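Q: Here it is: the structure, laid out below.
None of the figures in this text is laboratory data; all of them are computed from the coordinates on show. Quantities reported herein were computed from a predicted structural model and do not represent experimental measurements. Cβ placement follows ideal geometry from the backbone for every residue including glycine, while neighbour counts extend to all protein chains displayed.
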Amino acid sequence: MFRESAKLLLDTLFDRVYDLESFLNWDINEREEALEIKIPEISSVYLIHQHNALEQIWLSSPISGGWHFVFNPKHGWIDTRGKRPFFLMLFSEFKPYIPEFLWKSSWLEEKSA
């Protein structure tokens, strides 16, 4: 269950960010079980990857540091500190770098496995 849910999360994130890449000039690199996003206005990169041993998604943010997310079948991917949904947390960091006309409520939605 974890691997399928984690793959779906990473694939969904890749699709959403890739859709923005041509507008925003972001550098997006996908590799097995990981996604790296470079926003030109930020000096470092976002790294999102699945940690199979702990069954978590880890997010390394150049703005807010490290985050760990666990899958809850009822609520989706939730961070282990403040119980924030993955896409809501990530969009709050990306939002200043995305023109308002590109904002979509679908950014905040999670697909379930």
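Q: Taking 0.36 nm per residue of separation and subtracting the Cα-Cα distance, what length does fully extending T80 through W58 add?
A: On the way: separation 22, 0.36 × 22 = 7.92 nm, distance 1.04 nm.
Extending this stretch completely gives an extra 6.9 nm.
Q: Let me ask something else. Among L13, L47, rank each residue by its count of other Cβ atoms within 10 Å, from fewest to most, as a rough exposure measure.
A: L47, L13
Q: Near the amide H of Q56, under 5 Å away, which other amide H atoms are found, from residues 5 or more places off or on another chain, if H is placed in the peptide plane?
A: H51
Q: Excluding the sites themselves, what is the longest stretch of the chain that contains no GluC sites (Glu not before Pro) in a DSSP loop with at most 10 other C-beta atoms within 10 Å? Provide the component values of the computation, followed by the final result.
A: Numbers: sites that count: E32, E41.
Longest stretch, sites excluded: 42-113.
Q: So, one more: At a Cα cut-off below 14 Å, give the aspartates and glutamates reachable from K83, other chains included and same-chain residues fewer than 8 away excluded.
A: none
Q: Compute the signed sum of charges (Lys and Arg +1, Asp and Glu -1) over the other residues within less than 9 Å, Cβ to Cβ, of D27.
A: With Lys, Arg at +1 and Asp, Glu at -1, the neighbours total -1.
Q: Just from its helices, what would the mean residue ellipticity at 222 nm be for the chain, if runs of 4 or more DSSP H residues each count -39500 (n - 2.57) and the sum is divided by every residue, rounded to the nearest 500 deg cm²/dmol?
A: Details: 2 runs with 32 residues, N = 113.
That calculation yields -9500 deg cm²/dmol at 222 nm.
Q: List the pair-distance distribution P(r) of the chain, using every Cα-Cα distance, as the percent of pairs falling in each 10 Å bin from 0 up to the bin containing the longest distance, rounded to whole percents.
A: 13, 51, 31, 4
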